[in-house]
Amino acid sequence: MTEPRDEAPPESCITALLHKMSRGDRDATNAVYSFMFRELQVRADRALRRSAQPTLHVADLISLAYERIARLGGKDWHDRHHFLAVAATAMRCALVDHARRPRLPEAQEPVEGLQVEVEGSLLDVIGFEEGRQHLEGVDPILARAVELRAMGMNMVETAGALGISTKTLSRKWPKVRAVLERFLR
């Protein structure tokens, strides 16, 4: 990964770089990560900020997400929202894997301390994942919306990543909260 850049280019430039990245262009891949690093950093920080006993650091979570994205190979990237949505999924998977990872007896890192924040509510990462999986069976698009919101995307970004209007997502959001609350109770 190259050094992060402070100024992101216009959306059309990021999209063009993502299309080149889809074709395996290493320079484009480096440029995308360089331009998107700050946004990934904000998302990782939000995901980790509320952990009672954080056992991962922002840089670790970004690296784990980067590794997962790199394994996708020639993924057909649509735009910045699509990239951030995939990165959010990669971060969520890394958090769940980390929370489920067996600890050595001498480790003092409680698994139950890892939490995720959704709309101001703190949820245990594993409990959140179980609720998200339940929601996946009810409505896969809404399950994806929960995942993206938990990783720090706002309603506009989430709707863009899902290819639906913000109004539609806002209308369906109370259903998401009700399903999760019922399941997690």
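The values are calculated or read from the model by the stated rules, or taken from the named source; none is laboratory data. Computed from a predicted model, the values in this text were never measured in an experiment. So basically every Cβ, Gly included, is an ideal-geometry build from the backbone, and we count neighbours across all protein chains shown. These area figures cover heavy atoms from the full protein model, side chains too; ligands, DNA and RNA do not enter into them. Shrake-Rupley method; radii C 1.70, N 1.55, O 1.52, S 1.80 Å.
Each residue in the range 75-104 was checked for being open to solvent by less than 40 Å² (accessible area, probe 1.4 Å) and either over 27 Å from residue 28 (Cα atoms) or without any contact (Cβ under 8 Å) to a residue 24 or more places away in the chain (or both), and 5 pass. Of the residues making up the range 169-185, those that are modelled with pLDDT of 85 or more and surrounded by 13 or more Cβ atoms within 10 Å (Cβ to Cβ) are 169, 172, 173.
Looking only at the range 15-71, residues that are buried (at least 21 other Cβ atoms within 10 Å of the Cβ) and either touching a residue at least 60 places away in the same chain (Cβ under 8 Å) or in contact with a Gly (Cβ under 7 Å, 6 or more places away or on another chain) (or both) come to 3 in all.
Residue-by-condition table, conditions (1) modelled with pLDDT of 80 or more; (2) over 12 Å from the mean Cα position of the chain (by Cα); (3) over 27 Å from residue 172 (Cα atoms):
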position	(1), (2), (3)
82	yes, no, no
101	no, yes, yes
106	no, yes, yes
122	no, yes, no
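Would you confirm whether or not the range 38-53 contains a residue that is within 24 Å of residue 95 (Cβ to Cβ), at pLDDT 85 or above and more than 13 Å from the chain's Cα centre (by Cα)? Among the residues of the range 38-53, at least one is within 24 Å of residue 95 (Cβ to Cβ), at pLDDT 85 or above and more than 13 Å from the chain's Cα centre (by Cα), which makes the answer yes. A search for C-beta distances below 9 Å between a residue of the range 161-179 that is of a type in the set (Val, Ile, Thr) and any residue that is in a loop (DSSP other than H, G, I, E, B), counting only pairs 6+ apart in sequence or on different chains, returns 176/139; 179/139.
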